[in-house]
């Protein structure tokens, strides 16, 4: 595929689009599918046929439009109307309204901060294109980055562009992507591997799933560019088996890209070869950790190994391996086509670009959002999220999942960037953002996360295997009002041990939910001590 | 191989030492008679860095690294023991005692147990965590040996010696986290294992009384590990 | 190294083994294909039986203990067959914040089932899911795969009761 | 003459082996007797645990609700409470019933393994705790002397040091199980 061929395809696809006076987009992300959006799609198609409008109106599946709380969502293009909580029964009414006055009952006001305060980059096509058709991705400028990188840039130039962008890994830790790529590129070895980490295990986060379901080609494109930059010939997407829709769409996307010569042998008629295979995760949070992920990709128990050696030196089959997360790869096409400088203009000094968050919990506008780095938590929660429902008050925001922490309401004006979240005892994480109101107790919250970490501990190292269990049990003592000040001291000492001596990131971060709630909500722990222990501050 | 081997100089507890290319901190420490505690590591089988007892501090970094799995680097200043490290080590040993039912008084390995000796050396006089008291069956189906999971610390020595030295890979772990358990074959009773060669290596590398010869009474199970360096030497010589 | 290149026969003449064979073939009978093969087995048989583990071990030349270790490491694989009906409660954080923990406790009490257990009559299995990804509908339960969400805890209990009594 | 140190020893859920080992200090008992007065012990006659005890050696785990009452009383009246031997330190042998629970243990012992007069005793005996516990899970313990039993030398050394007001270093002298 050359640039001209890409443009020709784009022209053809756009002409096809313009044939229709209206295009009806039905969200088929997992959230909306759960509320039967596929049935709505079928009903629209049947209705169009019944009315003899096949030439004028087209109904199609698209990816996530973000406002999951109001799903199933239907949008009417080119009018840009959005309808909430659609049902098959409402389809005739919507059809009647086409070209006339919008159907008021279900209309969503798009002039609210939820929409205009967001800045979509990795999600720019989500909800606009059919994720199962490569042509639609190409028509909105897709695969231009692959063509540009392969025909106009050297691998070193590609890496330089990623350096310039200042992009940091979106999987959680925030390692500089350009640096990671250059390490793999420099590593000696003929065979190199590339892995896309789509084992999104953080409970309450669905950013990666939405990207894969809504715009799978975007991720493939980022992977091809990365493979070219570091010299990898084999790639894997390690995706959760619990994401059947994402898997299905990735399989379709890989086939389509191979057919057009954008993947496989001699990509874009150059000598560059790159193959992508899927590997299905099987339900182990620890496999989000790089070395555990590689064990799993190789068909083993997903237990981590000490680093060094880092995957960049010795990964799959002891070859240099680049591992990035879905959202990281999804950012690459934009960096290549529009340039690293374009990317770097968004965000803060140290955190560039936009970040996708799954905004959930006690908040009005539950859903998937993409915001510029540097935005404040207040803007996210009160502007975009619409605030706390049912007259309750905000208590804390939890980010970083079981590895993160709870940020109390008084820090709402903190900005969302890697450093400031870390300073507040939490972390960026992969993008789960759970809003907690005043009905939740923080000891309960901490124990909820500790149960998760305990059950997800691989069992290899002692501090994590036994330590998380002991922490869970200790928190149980607090919940039952049986804890003493001595238990509180033990709790803190054990957090310190698990954090500093566990083998991998899962264990090292497992105490964070306790450490952060002890820091900001200590009184809630003290309130749960045995009565006789509540007075007096000293522990012998 | 490298005709001009790189030698790395660094210090352990202030003592100047040197390491050949690829040698770990633990290996160098042993060559220099500097003791670093460990329960999972055993010379002759691979290092996995899982017991976390051999964690040492790189001076000035506050960061702990597993000495068994970290290759020495030029100029490193290693601290093998200080208040913080010692406290962590004691807590790790306590966690092990609390995890299963280690009742030394009635154990076949009493007096010959690495865990018991480690507790004594580190000054662990009691366990401050609440015991978990899990319930395990003893598997005595093998004609010569038996396994008592109550004493197992999941160090994986038996798994590795069986895989790496004997080549049978009869043992592995099942489940995960706190439910991890060493198994033979498809969690088959040991005596019915199709792959076990009954060589007994696992019994002798086991640091505790979890694996023992049958017929041994309390404190009678002495472990013999002399075979290991010899087998490793033979194997490497054969390459 | 050409020891034992002969393929072993499937445990039975059930045609579904052909699908399992196809997966192994696609990966060239590589020892790295254990997880993919187990996925296929679970997909076509519903659970991973002892005989299927033996078949994977023999076919891919992976030691039995290793296959067993892999199969039991991952949550997704279930060794015992599930009951006729499956009630699954999402315990992701978003659902937890909205009360899914209370639903789990209630099911434990009401039906005497711990997560992962099946009633003795094999009618009902109770599972907890990590996060089904429908956080917008939290709290979420799945009744035989059908997602039910956006209900209060009490409404949820009522819905489950109805669903269970409907079957009996 | 300075006042003698008031020493108590008690035997809870244990086998008395630690007390036997104590007796094994033989003639050194006379040396001790010059410095201490045994105010309460299976070896002497006192019926009630006295007040104002300097050192109490507690053998055995906490196995019953009566043990709990006793240890609390001991703690209230003792300056230095010593967990004496493995049962006191780790719950040791008594804890072997813990994985099964109190009910199953009683059934096994009094019903299944008994051919005559099968019944679980309930009168005149204290109720079994769900789990046998080491002392420090209920009260603060000042010194732990592991061993099953600690040797006579260890016991003598420990007491001698305590009498002199020093903290004995037991690292090389005692360990779990021996």
Helix C:64-73 versus the longest principal axis of chain C: what angle, 0 to 90°, nearest 10, using Cα atoms?
20 degrees
Alpha-carbon Rg with Dmax, taken over the range C:55-103, Å
16.7, 47
Using Cα centres only, tell me the gap between the range A:488-531 and the range B:110-161 in whole Å.
28 Å
Output the direction-averaged projected area (hull surface divided by four) of the convex hull of the alpha-carbon atoms of the range A:215-278, in nm².
3.9 nm²
Report the per residue volume, in Å³, of the convex hull enclosing the C-alpha atoms of the range A:354-437.
72 Å³
Helix A:37-50 versus the longest principal axis of chain A: what angle, 0 to 90°, nearest 10, using Cα atoms?
20 degrees
For chain A, calculated [θ]222 nm from helices alone, where every DSSP H run of n ≥ 4 adds -39500 (n - 2.57):
-12000 deg cm²/dmol
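Quick one: work out Rg over Rh on the C-alpha atoms of the range B:3-56, Rh as Kirkwood radius.
Values: Rg = 11.9 Å, Rh = 12.1 Å.
So for the range B:3-56, dividing Rg by the Kirkwood Rh gives 0.98.
Which whole-number percent of Cα pairs in the range A:364-522 have a distance greater than 21 Å?
Numbers: 5717 of 12561 pairs.
Above the 21 Å cut-off, the range A:364-522 has 46 percent of its Cα pairs.
Given a cut-off of under 8 Å on Cα pairs at least six residues apart, what relative contact order in percent is computed for chain B? All intermediate terms of the calculation are to be shown ahead of the outcome.
On the way: 408 pairs, mean separation 43.8, N = 239.
In percent, rounded to a whole number, it is 18.
How many percent of Cα pairs in the range A:142-344 exceed 25 Å?
Values: 5997 of 20503 pairs.
That fraction is 29 percent.
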Which of D:111, D:133, D:162 ends up with the largest GNM mean-square fluctuation for chain D, with Cα atoms connected below 10 Å?
D:111
Projected onto their principal axes, the Cα atoms of chain A stretch, largest extent first, over whole-Å spans of 80, 61, 39
Per the Kirkwood formula on distinct C-alpha pairs, the Rh of chain C is how many angstrom?
17.8 Å
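Rounded, prolate or oblate, given the Cα gyration tensor of the range C:1-97, with a/c below 1.5 counting as rounded?
Details: a/c = 2.55, a/b = 1.88, b/c = 1.36.
It comes out prolate by the Cα gyration axes.
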Shape call, the range C:16-73: gyration tensor on alpha carbons, a/c limit 1.5:
oblate
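Under the Kirkwood approximation applied to all pairs of distinct alpha-carbon atoms, what is the hydrodynamic radius of the range C:85-167 in Å?
Value: 12.4 Å, from the Cα pair sum.
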In a Debye calculation with equal point scatterers on the alpha-carbon sites of chain D and no solvent, what is log10 I(q)/I(0) at q = 0.09, 0.13, 0.16, 0.19 Å⁻¹?
-0.33, -0.66, -0.95, -1.25
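Based on Cα coordinates alone, diagonalise the gyration tensor for the range B:95-239, multiply each eigenvalue by 5, take square roots, and list the semi-axes in whole Å, largest first.
For the range B:95-239, the semi-axes come out at 25, 18, 15 Å.
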Here the relative contact order (percent) of chain A, from C-alpha pairs under 8 Å and at least 6 apart, is 14 percent
Measuring from centroid to centroid over Cα atoms, what is the spacing of the range C:106-126 and the range A:246-263 in Å?
41 Å
With axes computed from alpha carbons, what is the tilt in degrees of helix C:16-26 against the longest principal axis of chain C, rounded to the nearest 10 within 0 to 90?
70 degrees
Percent of all Cα-Cα pairs per 10 Å bin for the range A:18-116, counting from 0 up to the last occupied bin, reads 17, 53, 27, 2
Under the √(5λ) rule applied to the eigenvalues of the Cα gyration tensor, what semi-axes describe the equivalent ellipsoid of the range A:442-533? Give them in Å, descending.
22, 12, 11
Relative compactness, the range B:195-235, computed as alpha-carbon Rg over 2.2 N^0.38 Å
1.28
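For the range A:240-396, what does the relative contact order come out to in percent, with C-alpha contacts under 8 Å and a separation of six or more? Each step should come with its number before you reach the end.
On the way: 167 pairs, mean separation 15.1, N = 157.
Computed over the range A:240-396, the figure is 10 percent.
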May I have the extent of the alpha carbons of the range A:251-371 along their three principal axes, as whole Å values ordered from largest to smallest?
44, 40, 32
Over the protein assembly as shown: Rg over Rh, Cα atoms, Kirkwood Rh
1.00
Report, in deg cm²/dmol and to the nearest 500, the calculated mean residue ellipticity at 222 nm for chain C, where each DSSP H run with n ≥ 4 adds -39500 (n - 2.57) and the sum is divided by the residue count.
-13500 deg cm²/dmol
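Rule-based calculations on the coordinates, nothing more; no lab input. Every value quoted in this text rests on a predicted model; they were computed, and no experiment measured them.
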